[in-house]
Amino acid sequence: MSKFLHILTYIGIGIALVLVAVTLFAFIFLRAWKPFGGRASEEDRRDYSRRALNFDGKKFHNEEDFSVLSMQKNPAPDPMKISGRATRPNFDFPTKKPDFSPVSMEKVRVTWFGHSSLLIQMHGMKILLDPVFSEMISPVSFVGSRRYSNPGLSAEDLPETDIMLLSHDHYDHLDYDLIRKIDKKVRRYIVPLGVEKHLECWGVQKEKITNMAWWEETEENGLSISCTPAKHFSGRGLTDRMKTLWCSWVLKDEYHKVFESGDSGFGGHWEKIHEKFGDFDLAIMECGQYDMQWPKVHMFPEQSVEAAKILGAKVAMPIHWGAIVLSRHGWDDPVERFLRAAQKEGLRTITPFISQRANPDEPELFESRWWRQGEASGSKKDSQ
C-alpha cells in the first residue's frame, strides 16, 4: 500500500512540475514573443495620466458605458441582416493596379487595400493607415483568421511614406511583419498612447514616433492631424487589454477635411468630433465585423451611416470589410447594408476596387458594385 502511495506521490509531483513548466513557458512566451509588442514603463504611465483623462494609471477607458461582450447570453438575431452569404466569398476579389504617383497639394486620393488598410494622398504627402498585409491575422503564422482577399501588391511594393497612422494595436490593424518590412520607407509614425511601445520593441527609432491622446493635435508640413475618440478597446496578449489607447483620426488642410473612424461602436463622440471640426469632405467609416454578441465594439452598418451623417460627411466610404473574418455575418452584409442605409439617408458613397485610387471629389466614378459582378463571373474557390 505504501509503495502505491509513493507512486501516486511521484505522479503528483510530475504533474505539478509539468504544470509549472507550462506556466513558465507561457509567461516567457507572452513576455518575449516579439509580435505581442512592448509595454509602457512607470514613467510612460505617468505621462499618459497627465495627458489623457480616460487613463486611470493602469488602463484606458471609454467615455461611455462599454463592455466587449453583451450581457445577454443568447442575444436575439440581428434584425437588419440582409445577406445569406457565407463568411467568405467563393470567388477571388478583383484588384486594380495601384497608382502611387504624386498628386497636387489641393487634391485628395484614397487607395483601399481591403479591411481597414488605406493609403491617403493629401497635402502632397502619402499617409498609410492601419496597413495589414499578412495572410494570417494572429501573433503566430499557423493559427488565426486567414485573409481571403489579395491587397493587390506586397508590403515591399508600398511606396515611400511620409506618415503612418495607427488607430489601435489589434492584429487586424497593426501588422508586426509589415512594420519590419517597410520601416525604412516610413518617415514618421503617429499613434495613440501606448502603441509607440510596440513600435519601439520592434526596432523603430523613437525619434520617428509621435504618440497622442484624444483631442491632441500635431502638424506635418501644414497638414493638421488630430487624434479623436473612438469607442473600442485594445490588446495583443492575454494580460494587456485596454493598456494602450484606441482612436479615430482627423486630417485637415486648407483644401479638405478627412475623417477615418478606426474601430468604434456607436456613441456620443461623433457629435463631439463634429462640434469641434465641422463637416467633412470624406468620412471613411468602419462597417463590418459586428455581432449582436458585441454590439458596443463595432458599429452595425446602419450606425456607420448615421455616424457619417452626424459628421456632416459629403461622401462616405465603407471599410473594415472585404478581407478578414472576425464575425459571423455574410461577407457582403456590411457593404450592402451600408449602401442601403446611405441611399435611404441621401448620403453619397464611394466603393472603389481593392488597390484602386479613388477621388472623393468625383464620387460618381467610384460607385461600381464590383463584388456583385465578381460573384457571377469570378473563379471558384472553397468558402466557409
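The values are calculated or read from the model by the stated rules, or taken from the named source; none is laboratory data. Nothing here was measured: the structure is a model prediction, and the numbers come from that model. Reconstructed Cβ throughout: ideal geometry from the backbone, glycine too, with neighbour counts over all protein chains shown. Note: accessible area is taken over every heavy atom of the protein model, side chains too, but ligands, DNA and RNA are not part of it. Shrake-Rupley method; radii C 1.70, N 1.55, O 1.52, S 1.80 Å.
Results, tabulated for the structure shown:
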quantity	calculated
Segment 118-131, residues that are surrounded by fewer than 24 Cβ atoms within 10 Å (Cβ to Cβ) and outside any strand (DSSP E or B)	GLY124
Residue list for segment 223-255, restricted to those being under 30 Å from GLN121 (Cβ atoms), within 12 Å of the chain's Cα centre (by Cα) and open to solvent by 10 Å² or more (accessible area, probe 1.4 Å)	none
Residues located in segment 240-296, provided they are among the aromatic types (Phe, Trp, Tyr) and either over 16 Å from TRP215 (Cα atoms) or in contact with an Asp or Glu (Cβ under 7 Å, 6 or more places away or on another chain) (or both)	TRP246, TRP249, TYR255, PHE266, PHE280, TYR290, TRP294
Any hit, segment 183-201, residues being assigned to a loop (DSSP other than H, G, I, E, B), of a type outside the set (A, V, I, L, M, F, W, C) and surrounded by fewer than 18 Cβ atoms within 10 Å (Cβ to Cβ)	no
Qualifying position, being under 16 Å from the mean Cα position of the chain (by Cα) and under 19 Å from ARG45 (Cα atoms), among ILE209, ILE190	ILE190
Check on ALA283, touching a helix residue (DSSP H, G or I) at 6+ places or on another chain (Cβ under 7 Å), buried (at least 18 other Cβ atoms within 10 Å of the Cβ) and over 16 Å from ASP78 (Cα atoms)	yes
Residue that is nearest to ILE354 (Cα to Cα) [pool: residues in segment 99-108 that are surrounded by fewer than 19 Cβ atoms within 10 Å (Cβ to Cβ) and not small (Gly, Ala, Ser)]	ASP99
Test: residue in segment 75-82 that is modelled with pLDDT of 95 or more, closer than 24 Å to HIS170 by Cβ and of a type outside the set (D, E, K, R)	no
Subset of segment 79-98 that is within 23 Å of the chain's Cα centre (by Cα) and of a type in the set (D, E, K, R) - its residue that is farthest from MET122 (Cα to Cα)	LYS81
Cβ pairs under 9 Å, 6+ apart, first in segment 64-83 and under 26 Å from ASP332 (Cα atoms), second among the β-branched types (Val, Ile, Thr)	VAL68/VAL297; LEU69/VAL297
Residue in segment 168-188 that is farther than 27 Å from ASN62 by Cα and of a type in the set (Asp, Glu) present	yes
Segment 257-268, subset open to solvent by 10 Å² or more (accessible area, probe 1.4 Å) and in contact (Cβ under 8 Å) with a residue 40 or more places away in the chain, residue nearest to VAL335 (Cα to Cα)	PHE266
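Conditions (1) polar (S, T, N, Q); (2) modelled with pLDDT under 95; (3) farther than 17 Å from LEU245 by Cβ, marked per residue:
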{"position": "PHE36", "(1), (2), (3)": "no, no, yes"}
{"position": "ASP44", "(1), (2), (3)": "no, no, no"}
{"position": "ASN54", "(1), (2), (3)": "yes, no, no"}
{"position": "GLY57", "(1), (2), (3)": "no, no, no"}
{"position": "SER67", "(1), (2), (3)": "yes, no, yes"}
{"position": "ARG85", "(1), (2), (3)": "no, no, yes"}
